[in-house]
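The values are calculated or read from the model by the stated rules, or taken from the named source; none is laboratory data. Because the structure is predicted, anything quoted here is derived from the model rather than measured. Heads up, the Cβs are rebuilt from the backbone with ideal geometry, glycines too, and the neighbour counts pull from every protein chain shown.
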Amino acid sequence: MRARHPNRILHFRRPWWLIVSLVVLFAASVTNGADANSGTVQHDFRRDVVPFLNQFCLDCHSGDDAEAKLRFDKFQEQSNVQQEFLLWEKVQRAVRDRKMPPGDALQPTEDERLRGTNAIATELSRFDCRLASRPGRVTIRRLNRAEYDRTVQDLFGVDIQPARAFPTDDVGHGFDNIADVLSIPPILLEKYLEAAEAVVDQVFANEEARGRLFVHQPRTEEEKVDAFRKNMFQFAERAFRRPLTESDQLGLFRLAESAFTNGVSEENIAKTVCTAILVSPHFLFRVEDDPAPDDEDGVRDLSDWELASRLSYFLWSTMPDDELFALARAGTLSEPDELRRQVVRMLQSPKSRALVDNFAGQWLQLRDVATRMPDPGRFPDFDDELRQAIRRETELVFATVVHENRSIVDFLEADYTFANERLAKHYGIDGVVGPEFQRVSLPPSRRGVLTHASVLLVTSNPTRTSPVKRGKWILENILGEPPPLPPPNVPELKDDADALGTLRERMQQHRENPACASCHEQMDTLGFGMENFDAIGAWRDLDGPAPIDPTGNLPDGSTFAGASDLAKLLANGKKEAFARCLTEKLLIYALGRGIEPFDRCAVNEILKQLEGDAYRFQTLVTGIVLSEPFLKRESSRTK
Amino acid sequence: MLRRIREPNQISLSRRAALKGMGVALALPWMESLAPAAVASAGPPVRMAFLFVPNGVHMPDWKPQTNGYGFQLPYILEPLREVQNDLLVLTGLTHDKGRDNGDGAGDHARSASVFLTGAQPRKTSGSNIRSGMSVDQVAAKTIGQQTRFPSLELGCERGRSAGNCDSGYSCAYSSSISWAGPASPMSKESDPKLVFQRLFASQNATESDRAATERNALRKSILDYVADDARQIQRRLSRTDHLKLDEYLTGVREIERRMERQTSDVQSPSELDYPVPKGVPSDYGEHIRLMCDMIVLAFQTDATRVSTFMLADAGSNRPYAQLGIPDGHHDLSHHGGDPKKHAKIRQINRFHMEQFAYLLTKLKSIPEGNGNLLDYCMIAYGSGLGDGNRHNHDDLPMLLAGHGGGTIDPGRHIQYPIETPMTNLFVSMLERAGSPVDVVGDSTGPLPGLQI
């Protein structure tokens, strides 16, 4: 029997934490009674949340022996969602993700579940930023493969990609630069050592690269040791992206000394020191110091050196360049005007290509274009040339928005794109000749990235389109409203003779199951709007023998006919949701951690600036760079 | 080459023969306890490998009609004809922790992470991933310490590079069956060339002994230096960062340990008479077979005794064009009872089985001890789902090939009562490999019947 799940409730594994938080919560509920704003808050809470709690939660979560010591019977009058947003975030997630109520308890209908969680979400969105300002804390983060390669290239000025041999980095929150998720399995350390040795061998064999390493040339025998020290320390400083401490210097000195004592040649001593620097955790990890233990609020401003690395890894996926280092050394990098200047400079630089590869490549799932295998029988046109072209197209549009500082809404409604002859043919655009990409106007049937073949391909199955995947893709990556998880044991979409008809008709039958309807209604409607594009993104009027019906109604009553229409609808009516979605994704990518409830303040602030400046991309990046989570760090104690 | 620590004891051959003679069809659980560490008393060590296929299998063409010896091979298992008497078909085993147990959708992700851990994964897409230690890693920490590599993790797919994997589960779950700890999935190597170089080519053939000695000494000093740095950082930062630096330090120690063994027992590639693989071949079957070769070579040279191999990641939607199947595997596995889709699925299942047969035949062709390498192996092959359409986690498809150094009596189909934990099999395997433990994940005891 598992009538109650003592250890599984909301995944609380630290009851002490709960007890403390509940004490705070109840104390707060007394003082909050006088809050002038609470009238409207109470209204929603009473109408939509309290009945839900009473019906589905109180059985276990009430009285002195409440499960997980969580007593919802205390929440009959006051929501206190704001004071205890962490708790309510968990409640909301647990109900939304069907962790609660447990499987053997009375279950809410889909509508009840949605209404309850939405009401909590509404409460949470009213979060008062004056209550708590927290920048959050990023776990010590190792370089991922892309960052490793680019860093080594910049460090030595040699074109090498040793990380190709490294195992893939795990993805979390949609990106592969998330500190918590980047683990260090034993094989990786092996690869680090091998790569370091290979890189050093290569650099020492290359006259030019070697020259950059041995800047200080001794003129006399006496100067030799000093020059060696200077060269090695200078290299270590760049590799560690900060000035060396005494202990750093001592460690390196001892390493060289012990090799020297053992009769190792000068050449090999230098090689050993360089290799050691490349395997050192100071190089492989981005180490940021915690606030001092006696720090009162447990929050500190990042140093200019730490900021230089945050900036360069955010926008370039590599180490800071000389200018960033110089500003850090001068101590002026953290001045807001300087940061603004640097954002513009860095986005203009060719190095911002990294943002296209690594951010856009993951946000829009462009990286998956390389691995999709459309059925050659159904799509004989699809070849590697087209595969590369469709990825390049989206990359170029993204890069254009970055470099020309255009509105992020271009991603949704741009009437231009980039095509070479191969892609133009695929889209039915005339007048493009040759393999070079040029800027072209889109035909009226296409607008923005939703109609890019890259996006259409990665949201399809090898043999057919998947309106569900396409709809889900829009909800997740454009609107930032990932659909709730499907209930367990959903009956399958029948493919047998009883269920003949178009895909749309069969999906309609699927939706007759109320457990599926509430979410599939949304996903399918959006996805079917894109049905005029086949599984490799070419235009079609028919699906098999049946004409395509690309019309749909959104929950707000607006209607559309086809993908272009849908894109325009999203660009006009869902601009705020899209801006929030992109802001959150870029913030996750910039910080290397997931969004926490307290980040909503920073996000709101960035959005305000973005709206005030016509949604320009640089304003979004500047907003992130000047936000508290980017500039500060809190100690782990405040968590 | 055979230096190993062996525990005395276990049932002697004559005793086993006697039991067989008495006509005991299925050993009772208590009989397992007669052989608490049923390791072969002398001779070569026991090796173990675990192979994973995604999306379940078409069970009606997998499950033999009869129990015990002499069963007729169903369609999917037909490629195993040559090695039928070297393997057990185990049915009825269950991974309860692969079920949602209140966590909702995500059976594919769970099917991989639970496959060798028997632990309920925590549903998270980013931080705080949590599974359990997998059976191969339990072995890696014991018998793995006697070889240069504690274990070898292989896979043909490299995991997702963007987006989400399965219903709110981190991609680490669907792309990892090997877990060194609850939060430490092991990365898998997908390029046979890199595997080969890692196993055999780390020694520079042209380097003189003196140069090699110096190189090793310098490496050692580098590792000392970086370990010092890691410990310093660890002292400065808070607990949440410790795991990362612990992982780093484990890696350092692992390299040091290997360097100490390096000189004595590496076989040079030329001795093996095996050409260095050229990289990842475009043909999927060839890719799988090359990875199988790597397992064989590693076992043959005793570079490791433990390996895992994911033929594809959980939920893989790879088409099988070489079989005339353009549809994605995952897409197909939601067959909805369509016989045309069933036909394609069992074809895919059989294709994987052909590759498994290749591995077993190859192991069998290599002399070892008084017999062949397969005699000293335990190779588990299966999926974390039964039927890809139903997403069930009971009555899972599982094969156990090899004789475990004489501790297994293969050639039979054993049907266990439904809900028998899969992890009981792992307890029994660890016992036979000389790495006994009381519990793996949700195990309730050893699995009876592997030996008559």
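Looking at the range B:360-380 only, could you name the residues that are buried (at least 24 other Cβ atoms within 10 Å of the Cβ) and in a strand (DSSP E or B)? Those that are buried (at least 24 other Cβ atoms within 10 Å of the Cβ) and in a strand (DSSP E or B): B:Cys377, B:Met378, B:Ile379, B:Ala380. Mind listing just one residue for me: the one in the range A:580-639 that is away from every other protein chain (no Cβ under 14 Å) and on the phi > 0 side of the Ramachandran plot and, of those, farthest from the chain's Cα centre (by Cα)? Once the filter is applied, the top-ranked residue is A:Ala614.
Output the residues belonging to the range B:179-199 that are closer than 16 Å to B:Thr117 by Cα, more than 9 Å from every other protein chain (Cβ to nearest Cβ) and either basic (Lys, Arg) or in contact with a helix residue (DSSP H, G or I) (Cβ under 9 Å, 6 or more places away or on another chain) (or both). Lay out the reasoning, then the answer.
Let us first name the residues in the range B:179-199 that are closer than 16 Å to B:Thr117 by Cα, namely B:179-187.
From what's left, more than 9 Å from every other protein chain (Cβ to nearest Cβ): B:179, B:181-182.
Within the range B:179-199, B:Trp179, B:Gly181 meet the criteria.
Scanning the range A:232-261 for residues that are part of a loop (DSSP other than H, G, I, E, B) and in contact (Cβ under 8 Å) with a residue 12 or more places away in the chain yields A:Arg241, A:Arg242, A:Pro243.
Identification of helices (runs of 4 or more DSSP H) wholly contained in the range A:295-354 with 1 or more residues that are within 24 Å of the chain's Cα centre (by Cα) and at pLDDT 95 or above yields A:304-315, A:336-348.
Could you check, for the range B:318-334, whether at least one of its residues is within 14 Å of another protein chain (Cβ to nearest Cβ), under 29 Å from A:Lys469 (Cβ atoms) and aromatic (Phe, Trp, Tyr)? Yes, that holds for at least one residue.
So which of A:Phe382, A:Phe418 ends up being in contact with a helix residue (DSSP H, G or I) (Cβ under 6 Å, 6 or more places away or on another chain) and at pLDDT 95 or above? I'd like the intermediate steps shown before the answer.
Details: A:Phe382 fails: in contact with a helix residue (DSSP H, G or I) (Cβ under 6 Å, 6 or more places away or on another chain).
Exactly one residue qualifies, and that residue is A:Phe418.
Scanning for something touching a helix residue (DSSP H, G or I) at 6+ places or on another chain (Cβ under 9 Å), under 30 Å from B:Arg239 (Cβ atoms) and more than 14 Å from chain B (Cβ to nearest Cβ), does the range A:107-125 turn up at least one residue? Scanning the range A:107-125, I find at least one residue that is touching a helix residue (DSSP H, G or I) at 6+ places or on another chain (Cβ under 9 Å), under 30 Å from B:Arg239 (Cβ atoms) and more than 14 Å from chain B (Cβ to nearest Cβ), so the answer is yes. The requirement of being touching a residue at least 24 places away in the same chain (Cβ under 8 Å), crowded, with 22+ Cβ neighbours inside 10 Å, among the small types (Gly, Ala, Ser) and not in a loop (DSSP other than H, G, I, E, B) is satisfied by B:Ser428. Say whether the condition of being surrounded by fewer than 23 Cβ atoms within 10 Å (Cβ to Cβ), of a type in the set (S, T, N, Q) and at the interface with chain A (Cβ under 7 Å from one of its Cβ atoms) is met by at least one residue in the range B:134-146. Scanning the range B:134-146, I find no residue that is surrounded by fewer than 23 Cβ atoms within 10 Å (Cβ to Cβ), of a type in the set (S, T, N, Q) and at the interface with chain A (Cβ under 7 Å from one of its Cβ atoms), so the answer is no. Of the conditions (1) out of contact with any Pro (no Cβ under 9 Å at 6 or more places or on another chain); (2) modelled with pLDDT under 95, A:Ala276 satisfies every one except a single condition; which number is it? Every listed condition holds for A:Ala276 apart from (2).
Just one of (1) crowded, with 21+ Cβ neighbours inside 10 Å; (2) part of a helix (DSSP H, G or I) fails for A:Gly594. It is (2). Checking the structure you have, find out if any residue of the range B:157-171 is assigned to a helix (DSSP H, G or I) and either touching a Leu at 6+ places or on another chain (Cβ under 9 Å) or more than 27 Å from B:Cys377 (Cα to Cα) (or both). Yes, some residue in the range B:157-171 is assigned to a helix (DSSP H, G or I) and either touching a Leu at 6+ places or on another chain (Cβ under 9 Å) or more than 27 Å from B:Cys377 (Cα to Cα) (or both).
Taking A:Ala328, is it crowded, with 17+ Cβ neighbours inside 10 Å, within 30 Å of B:Arg318 (Cα to Cα) and away from chain B (no Cβ under 14 Å)? Can you show your working first?
Working: crowded, with 17+ Cβ neighbours inside 10 Å: yes; within 30 Å of B:Arg318 (Cα to Cα): no; away from chain B (no Cβ under 14 Å): yes.
Answer is no for this residue.
Restricting the first member to the range A:449-468 and to residues that are more than 12 Å from every other protein chain (Cβ to nearest Cβ), and the second to residues that are part of a loop (DSSP other than H, G, I, E, B) and surrounded by fewer than 24 Cβ atoms within 10 Å (Cβ to Cβ), the beta-carbon pairs closer than 6 Å and six or more apart or on different chains are A:Leu457/A:Arg372; A:Leu457/A:Ile536. A single entry from B:Leu73, B:Leu88 fulfils the requirement of being modelled with pLDDT of 95 or more, assigned to a loop (DSSP other than H, G, I, E, B) and in contact with a Lys or Arg (Cβ under 7 Å, 6 or more places away or on another chain): B:Leu73. A:Val264 passes every criterion in (1) without any contact (Cβ under 8 Å) to a residue 12 or more places away in the chain; (2) part of a helix (DSSP H, G or I); (3) of a type in the set (A, V, I, L, M, F, W, C) apart from (2). Could you go through the range A:558-573 and let me know if any residue there is more than 25 Å from A:Gly480 (Cβ to Cβ) and charged (D, E, K, R). No, the conditions are met nowhere in the range A:558-573. Do we have any residue at all in the range A:168-181 that's modelled with pLDDT of 95 or more and of a type in the set (Phe, Trp, Tyr)? Scanning the range A:168-181 turns up no residue that is modelled with pLDDT of 95 or more and of a type in the set (Phe, Trp, Tyr).
Could you please give the count of residues in the range A:143-158 that are among the hydroxyl-bearing types (Ser, Thr, Tyr) and either over 19 Å from A:Ile184 (Cβ atoms) or more than 20 Å from the chain's Cα centre (by Cα) (or both)? It would help to see each step written out before you state the result.
To start, the set of residues in the range A:143-158 that are among the hydroxyl-bearing types (Ser, Thr, Tyr) comprises A:148, A:151.
Subsequent filtering for residues that are either over 19 Å from A:Ile184 (Cβ atoms) or more than 20 Å from the chain's Cα centre (by Cα) (or both) retains A:151.
Residues that pass the stated criteria total 1.
Here A:Arg391 meets the list (1) out of contact with any Lys or Arg (no Cβ under 8 Å at 6 or more places or on another chain); (2) modelled with pLDDT of 95 or more; (3) part of a loop (DSSP other than H, G, I, E, B) almost entirely, failing just condition (3). Restrict the check to the range A:218-231 and report whether at least one residue is within 14 Å of another protein chain (Cβ to nearest Cβ), among the hydrophobic types (A, V, I, L, M, F, W, C) and in a helix (DSSP H, G or I). Scanning the range A:218-231, I find no residue that is within 14 Å of another protein chain (Cβ to nearest Cβ), among the hydrophobic types (A, V, I, L, M, F, W, C) and in a helix (DSSP H, G or I), so the answer is no.
Residues checked against (1) closer than 30 Å to B:Gln322 by Cα; (2) hydroxyl-bearing (Ser, Thr, Tyr):
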| site | (1), (2) |
| --- | --- |
| A:Asp381 | yes, no |
| A:Leu386 | yes, no |
| A:Thr394 | no, yes |
| A:Ala399 | no, no |
| A:His403 | no, no |
| A:Leu412 | no, no |
| A:Phe418 | no, no |
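If I go through the range A:355-371 residue by residue, how many of them are part of a loop (DSSP other than H, G, I, E, B), buried (at least 21 other Cβ atoms within 10 Å of the Cβ) and either within 8 Å of chain B (Cβ to nearest Cβ) or modelled with pLDDT under 95 (or both)? Please lay out each step first, then the result.
From the range A:355-371, those part of a loop (DSSP other than H, G, I, E, B) are A:364-365, A:371; that's our starting set.
Filter again for buried (at least 21 other Cβ atoms within 10 Å of the Cβ), leaving A:364-365.
Subset that is either within 8 Å of chain B (Cβ to nearest Cβ) or modelled with pLDDT under 95 (or both): A:365.
Selection size over the range A:355-371: 1.
Here A:Gly298 fulfils each of the conditions (1) buried (at least 18 other Cβ atoms within 10 Å of the Cβ); (2) at negative phi apart from (2). Taking the listed residues A:Arg150, A:Arg141, A:Arg134, the one that is in contact with a strand residue (DSSP E or B) (Cβ under 7 Å, 6 or more places away or on another chain), surrounded by 23 or more Cβ atoms within 10 Å (Cβ to Cβ) and more than 8 Å from chain B (Cβ to nearest Cβ) is A:Arg141, with no other qualifying. Among the conditions (1) modelled with pLDDT of 95 or more; (2) touching a Phe, Trp or Tyr at 6+ places or on another chain (Cβ under 9 Å), the only one that B:Ala357 does not satisfy is (2). Does the range A:175-198 contain at least one residue that is without any contact (Cβ under 8 Å) to a residue 24 or more places away in the chain and away from chain B (no Cβ under 11 Å)? No.
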